[in-house]
Amino acid sequence: MPTNLPPEYFDAEERFRDAKSPQEKIVCLEELLSTVPKHKGTDKLRADLRRKLSKLKAGLETAKKTGRHKSVYHIEREGPVQVLVIGAPNVGKSALVAALTHATPKVSEYPFTTWTPAPGMMAVRDIHIQLVDTPPLSEEHIEPELFNLVRSADFLLLVVDLQSRPLVQIDSVIALLDTHRIALEGTRADPAKSQYLAVIPCLVLANKCDDEAWDEEFAVLRELIGERWPLLPVSAASHRNLDRLGEILFERLELMRVYCKLPHKDADMGAPFVLKKGGTVLDFAGKVHKDFVEGLTAARVWGPGVHDGQHVGRDHVLYDGDIVELHV
Ligand SMILES: Nc1nc2c(ncn2[C@@H]2O[C@H](COP(=O)(O)OP(=O)(O)O)[C@@H](O)[C@H]2O)c(=O)[nH]1
Ligand SMILES: [Mg+2]
C-alpha cells in the first residue's frame, strides 16, 4: 500500500466497502480511483483498482446481455426525462400515477400493494413526461435496487399523506435516501455528509388535500417546511391541482418545445421536439436527425425572440414554442 495517500482515499474506500449493489460499487470505485494521486508509487494500486472496475462493469454487461438478471427495477426511459414518484407506504403514489397517466397501477388501502416500479406517460402541454410509480420507501422493507432507480432519476415527486403526520414521512424518506447517499436538492447538506452520489431536484406533493377542509393542515405543513423544499397540495381523489402539477413540472424540468418546419411547408405543430432550456439550433438539429448536424448550412426561426423567419446561426439559443426550419 503506498504511504502517501490523501485522507479522501480512505473516506472513499470506506464508502466503496459499504456499497451494496454493483451499480453503487462502480460509482464508488470510480470515485476511489479519482482520489489516488498519479505517480510511480501508486502504479500498482491504480492498476488493481482499474482491474476491479472493469470486472464489475463486465459483470453488469453480461447480466444485461443474458437477461438472466434483468431487473424489474430497471425502467426503460421514454421521452425526455424520467420522473420518479416516491414516498412512504399508503400515501397515494399509485393513485396519483393512475390519475396523471393512462397507467393502471393497483391502488389499495393496504400498504405494500406496489411491489415493482411501473411507468406511465403524463401529458403536459403537448408533450409527454414519464412518471414511474414505485414501491414504498419504508424501514420495514427496502429493496436495495430501488435506490439505483432513484439515483438515476431526473426528478423526484416525494408524495406524503397530508392526513397522517406528513413531516414524519418526509423525514423518514430523507433519512432512508441518506443512507444510500442520495439527497434531495434543497436539503441543506451538512458538510460532513457532502459526499452524495446524487443530489436530485424534487417537489413534495402533499396528497389527500381533497378539499378546503384540509387547507389549514396544509398551511401548518408549509409553515414547518419553510423554504426547505418546494411544496404543492394535491389530491389524487379530487384531482385538485393536478393541472398545476403538470405546469410546475414543465418549468422545474427546464424543458422547451421546438417545432420543425420544412422549407415551403407549414410547421408540424402536432409533435414538438423536446429540448432542455438553453438549447441551440444545433441541439435541435441533433434531435431531428444526425445528418442535420453535419450538413446544416442555414436555419430560420419563427418565435417570440426573433423576426418571423429570421436567419440564425447554429449557436442561436431557442425558446419554448419556437419553429425552426433547417437547411442542409
Ligand atoms: N382521501 C384520499 N385518499 C386517497 C388519495 N389518494 C390515495 N388515497 C387512498 O390512499 C390509499 C393508498 O393509496 P395508494 O395509491 O395505493 O398508495 P401508495 O401505497 O402510496 O401507492 C388508498 O386507499 C387510496 O384510495 C387522495 O387524494 N385522497
Ligand atoms: Mg402503490
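Descriptive notes on the structure:
- Any hit, region 115-136, residues being of a type in the set (F, W, Y) and within 16 Å of ligand 2 (Cβ to nearest atom): yes
Conditions tested, residue by residue: (1) closer than 15 Å to N207 by Cβ; (2) within 16 Å of ligand 2 (Cβ to nearest atom); (3) assigned to a loop (DSSP other than H, G, I, E, B).
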position: A237; (1), (2), (3): yes, yes, yes
position: E247; (1), (2), (3): no, no, no
position: Y259; (1), (2), (3): no, no, no
position: P263; (1), (2), (3): no, no, yes
position: D266; (1), (2), (3): no, no, yes
position: G270; (1), (2), (3): no, no, yes
position: V274; (1), (2), (3): no, no, no
position: G278; (1), (2), (3): no, no, yes
position: D283; (1), (2), (3): no, no, no
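- Test: residue in region 62-80 that is surrounded by 14 or more Cβ atoms within 10 Å (Cβ to Cβ), outside the structural domain of E31 (by TED's automatic domain parsing) and aromatic (F, W, Y): yes
- Subset of region 196-234 that is assigned to a loop (DSSP other than H, G, I, E, B) and more than 15 Å from ligand 1 (Cβ to nearest atom) - its residue that is nearest to K25 (Cα to Cα): L197
- Residue within region 125-134 that is within 16 Å of ligand 1 (Cβ to nearest atom), of a type in the set (D, E, K, R), touching a Pro at 6+ places or on another chain (Cβ under 7 Å) and assigned to a strand (DSSP E or B) present: yes
- Taken residue by residue, region 96-106 has at least one member that is near ligand 2 (Cβ under 10 Å from one of its atoms), in contact with a Leu (Cβ under 8 Å, 6 or more places away or on another chain) and touching a residue at least 60 places away in the same chain (Cβ under 8 Å).
- Within region 109-161, being aliphatic (A, V, I, L, M), over 15 Å from the mean Cα position of the chain (by Cα) and surrounded by fewer than 17 Cβ atoms within 10 Å (Cβ to Cβ) holds for A123, I142.
The values are calculated or read from the model by the stated rules, or taken from the named source; none is laboratory data. This is a predicted model, so every value here is computed, not measured. Reconstructed Cβ throughout: ideal geometry from the backbone, glycine too, with neighbour counts over all protein chains shown.
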